[in-house]
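Inspection log for the structure reproduced underneath, given as structure tokens.
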Amino acid sequence: MLNGKTALVTGSTSGIGLGIAEKLAAQGANVILNGFGDVEAPKASVLAAGKAHGIKVGYHGADMSKPAEIEAMMAYAQAEFGGVDILVNNAGIQFVAPVENFPAEKWDSIIAINLSSAFHTMRLAVPGMRTKNWGRIINLASAHGLVASAGKSAYVAAKHGLVGLTKAVALETATTGVTVNAICPGWVLTPLVQKQIDAKAEQGGISLDQAQKDLLGEKQPSLQFVTPAQLGDLAVFLCSPGGDNVRGAAWNVDGGWLAQ
Ligand code: NAD
């Protein structure tokens, strides 16, 4: 279905980004990976997912907090892949502290990585998508793009901002073949959430298993984690013709979190 298209997934060396990259590859899209840490294992798993289609997999290590590096990554995508057809803004970090103790430099990096990076990739990708009259932009917001939790001021502000940015650019492209949407996951068991489970266990003097159960019980009625593969399936749907008129949505996949 996505043969000949190129997907750039930011923050795709781990977690949700990697799961989405694998699902897009399985539909035949070429994939450009981005993110820190080991690159070889994620590259191999995405190549394997797209093997039947003979896809091409690239990597650019841009730090998403640095606009000049984002520009270099988009230039790489143009030079090596002829541009970006599917842009998945997924890179993100978390930090939890009450606002009066929140380190100012953590605020700045969360806003830069979780929000401003999507502005930069979008402003650079939209012209090429308009020219081709086809494009998909999928922004990984969060349940925290729609409701708040205490201790997460920067993250909640960035994710609410990302939902707003999604709506604005969806309106700007509404008469074109370019769609812009946000996916708002509940808890997904990735390194980002494992850190919060570890902290909960330590603070409460409880087992990791109990901390995991408590974390789900507080917010997620299904009591099950959402999986990167499920989010990847939604991304594939948004890239399909069925998604042509889904525009400016903030689509929660959250085990019922937002229904409460
Ligand atoms: P993760 O920690 O597993 O992955 C984050 C990815 O971003 C990694 O590849 C990491 O290398 C990359 N990254 C971090 N800082 C970067 C930077 N400065 N430049 C480039 N890459 C960078 O996290 P995840 O849970 O898979 O989260 C992915 C996205 O989904 C984030 O935007 C997160 O806020 C969002 N999200 C996660 C959950 C969850 O429960 N895990 C829920 C809702 C939303």
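The values are calculated or read from the model by the stated rules, or taken from the named source; none is laboratory data. None of these values were measured; they are calculated from a predicted model. Heads up, the Cβs are rebuilt from the backbone with ideal geometry, glycines too, and the neighbour counts pull from every protein chain shown. The area values use the complete protein model at the heavy-atom level, side chains included, leaving out ligands, DNA and RNA. Shrake-Rupley method; radii C 1.70, N 1.55, O 1.52, S 1.80 Å.
Is there a residue being open to solvent by 60 Å² or more (accessible area, probe 1.4 Å), touching a strand residue (DSSP E or B) at 6+ places or on another chain (Cβ under 8 Å), free of Cβ contacts under 8 Å to residues at least 40 places away in the same chain and within 16 Å of the ligand (Cβ to nearest atom) anywhere in the stretch 71-91? No, the stretch 71-91 contains no residue that is open to solvent by 60 Å² or more (accessible area, probe 1.4 Å), touching a strand residue (DSSP E or B) at 6+ places or on another chain (Cβ under 8 Å), free of Cβ contacts under 8 Å to residues at least 40 places away in the same chain and within 16 Å of the ligand (Cβ to nearest atom). Looking across the stretch 139-164, the residues that are of a type in the set (A, V, I, L, M, F, W, C) and either without any contact (Cβ under 8 Å) to a residue 60 or more places away in the chain or open to solvent by less than 20 Å² (accessible area, probe 1.4 Å) (or both) come down to Leu140, Ala141, Ala143, Ala148, Ala150, Ala154, Val156, Ala157, Ala158, Leu162, Val163. For the stretch 1-28, a tally of residues being more than 16 Å from the ligand (Cβ to nearest atom) and open to solvent by 10 Å² or more (accessible area, probe 1.4 Å) returns 6. Note on the stretch 101-153: among residues that are in a strand (DSSP E or B) and not aliphatic (A, V, I, L, M), the one that is nearest to the chain's Cα centre (by Cα) is Asn139. Would you say Ala235 is within 18 Å of Ile16 (Cα to Cα), part of a strand (DSSP E or B) and assigned by TED's automatic domain parsing to the domain that holds Pro127? So Ala235 does not fit the description; no. Can we say Asp214 is of a type in the set (Asp, Glu) and either assigned by TED's automatic domain parsing to the domain that holds Ile20 or open to solvent by less than 30 Å² (accessible area, probe 1.4 Å) (or both)? So Asp214 does not fit the description; no.
Residues checked against (1) part of a helix (DSSP H, G or I); (2) closer than 28 Å to Gly28 by Cβ; (3) not assigned by TED's automatic domain parsing to the domain that holds Gly151:
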| site | (1), (2), (3) |
| --- | --- |
| Thr176 | no, yes, no |
| Lys200 | yes, no, yes |
| Leu231 | yes, yes, no |
| Val246 | no, yes, no |
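Kindly establish whether Arg136 is closer than 30 Å to Ala249 by Cβ, more than 13 Å from the ligand (Cβ to nearest atom), surrounded by fewer than 17 Cβ atoms within 10 Å (Cβ to Cβ) and charged (D, E, K, R).
For Arg136, the condition - closer than 30 Å to Ala249 by Cβ, more than 13 Å from the ligand (Cβ to nearest atom), surrounded by fewer than 17 Cβ atoms within 10 Å (Cβ to Cβ) and charged (D, E, K, R) - is not met.
Once the stretch 102-114 is narrowed to residues that are open to solvent by less than 40 Å² (accessible area, probe 1.4 Å) and within 13 Å of the ligand (Cβ to nearest atom), the residue that is farthest from Gly145 (Cα to Cα) is Ser109.
Of all the criteria given as (1) within 30 Å of Ala125 (Cβ to Cβ); (2) surrounded by 12 or more Cβ atoms within 10 Å (Cβ to Cβ); (3) within 15 Å of the ligand (Cβ to nearest atom), the one not satisfied by Gln196 is (1).
Which condition number does Pro221 fail, the rest of (1) open to solvent by 50 Å² or more (accessible area, probe 1.4 Å); (2) part of a helix (DSSP H, G or I) being met? It is condition (2) that Pro221 fails. Would you call Thr190 within 9 Å of the ligand (Cβ to nearest atom), among the polar types (S, T, N, Q) and touching a residue at least 60 places away in the same chain (Cβ under 8 Å)? So Thr190 passes the test.
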